[in-house]
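Asks: Sharing a structure, written as structure tokens. Questions coming.
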Amino acid sequence: MERITATYYIETPYELEKAAAVLAGEQSSGTFVAVPGETEELKQRFAARVESITPLETVSEPAIPGAVSAKGQYHRASIEVSWSIENFGYNLPTMVSTLQGNLYEITQFTGLKLMDLEVPASFADHFEGPRFGIEGCRKLTGVEGRPLIGTIIKPSIGMTPEQTAALVKTLAEAGIDFIKDDELLSASANSSFEDRVDAVMRVINDHADKTGKKVMYAFNISDEIDSMLARYDKIVAAGGTCAMVSLNSVGLAGAKKICDQGQLAIHGHRNGWGMLNRHPLLGIEFPAYQKLWRLAGVDQIHVNGIQNKFWESDDSVVKSIEACLKPMLGGYSVLPVVSSGQWGGQAPETYRRTQTTDLLYMAGGGIMAHPDGPTGGVVALNQAWEAAVQGLSVEEAASKYAEFSKSVEKFGSKK
């Protein structure tokens, strides 16, 4: 029978083998004491299995509260645990409950993080995965050979539909590929969802009729499921190509329901990510996280950015981009969304470290606050990426490209 394997980074004051056995038992057929009905046959078929234990360092202070070590020693290790697919079938919420669930509450662990997971090939028969992914998003936007260049509507709250549409018109005429609602905006007192879709799509459709280029706009539909479905239909009827969902807010089941509609590219915003990942020994790492959303069908997912404004290191961002680009189940492609305090100055380092242009490169202030306005900001970002692929440094690019040079003058001191 096929099995799912999860890799964990753990810390425990107990012997590693005993702690790993507790994990496997808690998350399958076992409990803290033998009970009637827990036969050897049952355990052989349904019990989780510890596949490997790789000891790492020992430390003198626990990462998080838990059992206290009498010797003042807390052992860290990488462990692999597997479950039979019979335990939960092809049920993503139950699978996550199994792979994470009560694990974070077990007293034997003073640190535990889900690092990665591997699912069997049969998952491809039960989950369609991203309907568009990298190739589909490129086709929808008509962009080849470079990153998709995108921005976020700012101010995030307070603009009317007409004001939003006017800004979209400016950005479309400047050559932008992608625009998104901020995650804080779904429907506000002066910007109903329906009015915003109508106003924005009139501009986008008119621009597409004139130029042949249709800007992708990710309308934030995050809400209760019935409302999300109604909003999804509204975007489709208006000729839109994308919807945005706040993944951690709507959950796997909500996101999958939206993805299953199959008519729009789904932009997955991971707001709340730090809550799940920021502690080095608690939560989930991005390689595992993005696989869950790929299975649900998300086409685009945020990965933060090089030299970002948040806490995440450049190494972590690069690892996240690589995770998105790693093949899964024979073709589940997901487009990495680079964001957070980005402007053209990070493009050379981003390309040097990732060697890819399969990105949606998002800049808010880096476009909107350009000295020549949004038009100059879009041009400067495209110039930055052209220079990056050529292997030019920021200084070399600034001497070659006028609009990018103005970006350096404006944003260079904010690195």
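The values are calculated or read from the model by the stated rules, or taken from the named source; none is laboratory data. Not measured: the values here are computed from a predicted model. With ideal geometry, Cβ positions are generated from the backbone for all residues, glycine too; neighbour counts draw on all protein chains shown. Remember, those area values only see protein heavy atoms, side chains included, never the ligands or the DNA or RNA. Shrake-Rupley method; radii C 1.70, N 1.55, O 1.52, S 1.80 Å.
Asks: Of all the helices (runs of 4 or more DSSP H) wholly in the stretch 1-117, which have at least 1 residues that are modelled with pLDDT of 95 or more, more than 24 Å from PHE127 (Cβ to Cβ) and out of contact with any Cys (no Cβ under 8 Å at 6 or more places or on another chain)?
Replies: Helices (runs of 4 or more DSSP H) meeting the threshold: 16-26.
Asks: Could you look through the stretch 202-232, keep only residues that are over 16 Å from PRO161 (Cα atoms) and hydroxyl-bearing (Ser, Thr, Tyr), and pick out the one that is most open to solvent (accessible area, probe 1.4 Å)?
Replies: Among them, the one singled out is THR211.
Asks: Residues in the stretch 352-383 that are crowded, with 19+ Cβ neighbours inside 10 Å, more than 19 Å from the chain's Cα centre (by Cα) and under 21 Å from ARG138 (Cβ atoms): how many?
Replies: Adding up the residues that qualify gives 6.
Asks: Restrict the check to the stretch 186-196 and report whether at least one residue is touching a Gly at 6+ places or on another chain (Cβ under 7 Å) and either within 19 Å of HIS269 (Cα to Cα) or crowded, with 21+ Cβ neighbours inside 10 Å (or both).
Replies: So far as the stretch 186-196 goes, no, none of its residues is touching a Gly at 6+ places or on another chain (Cβ under 7 Å) and either within 19 Å of HIS269 (Cα to Cα) or crowded, with 21+ Cβ neighbours inside 10 Å (or both).
Asks: Confirm whether LEU295 is in contact with an Asp or Glu (Cβ under 9 Å, 6 or more places away or on another chain), open to solvent by less than 10 Å² (accessible area, probe 1.4 Å) and under 26 Å from TYR104 (Cα atoms).
Replies: no
Asks: Please enumerate the residues belonging to the stretch 304-330 that are part of a loop (DSSP other than H, G, I, E, B) and closer than 23 Å to ASP177 by Cβ.
Replies: Those that are part of a loop (DSSP other than H, G, I, E, B) and closer than 23 Å to ASP177 by Cβ: GLY305, ILE306, GLN307, ASN308, LYS309.
Asks: Something else now. Please specify each residue of the stretch 198-214 satisfying the condition of being touching a Gly at 6+ places or on another chain (Cβ under 9 Å) and either part of a loop (DSSP other than H, G, I, E, B) or under 23 Å from VAL245 (Cα atoms) (or both).
Replies: Selection gives VAL200, MET201, ILE204, ASN205, GLY212, LYS213, LYS214.
Asks: Which residue out of VAL317, VAL389 is touching a residue at least 40 places away in the same chain (Cβ under 8 Å) and either open to solvent by less than 50 Å² (accessible area, probe 1.4 Å) or hydrophobic (A, V, I, L, M, F, W, C) (or both)?
Replies: Being touching a residue at least 40 places away in the same chain (Cβ under 8 Å) and either open to solvent by less than 50 Å² (accessible area, probe 1.4 Å) or hydrophobic (A, V, I, L, M, F, W, C) (or both) holds for just one of VAL317, VAL389, which is VAL389.
Asks: Next question. Against the conditions (1) part of a loop (DSSP other than H, G, I, E, B); (2) at pLDDT 95 or above, where does ARG353 fall short? Just the number, please.
Replies: It fails just one condition, (1).
Asks: Assigned to a loop (DSSP other than H, G, I, E, B) and either basic (Lys, Arg) or under 19 Å from HIS370 (Cβ atoms) (or both): which single residue out of ARG131, ARG138 fits that description?
Replies: ARG131
Asks: Any idea how many residues of the stretch 305-332 are under 23 Å from ILE258 (Cβ atoms) and modelled with pLDDT under 95?
Replies: Residues that pass the stated criteria total 2.
Asks: While we're on this one: For the stretch 149-178, how many residues are surrounded by fewer than 24 Cβ atoms within 10 Å (Cβ to Cβ), within 23 Å of the chain's Cα centre (by Cα) and either in a strand (DSSP E or B) or touching a residue at least 60 places away in the same chain (Cβ under 8 Å) (or both)?
Replies: Of the residues in the stretch 149-178, 2 are surrounded by fewer than 24 Cβ atoms within 10 Å (Cβ to Cβ), within 23 Å of the chain's Cα centre (by Cα) and either in a strand (DSSP E or B) or touching a residue at least 60 places away in the same chain (Cβ under 8 Å) (or both).
Asks: What is the number of the single condition among (1) among the small types (Gly, Ala, Ser); (2) under 24 Å from the mean Cα position of the chain (by Cα); (3) closer than 30 Å to ALA380 by Cβ that ALA208 does not meet?
Replies: In the conditions (1) among the small types (Gly, Ala, Ser); (2) under 24 Å from the mean Cα position of the chain (by Cα); (3) closer than 30 Å to ALA380 by Cβ, ALA208 misses (2) alone.
Asks: Moving to a separate point now. Mind checking which residues of the stretch 244-303 are polar (S, T, N, Q), part of a helix (DSSP H, G or I) and within 20 Å of ILE152 (Cβ to Cβ)?
Replies: ASN248, SER249
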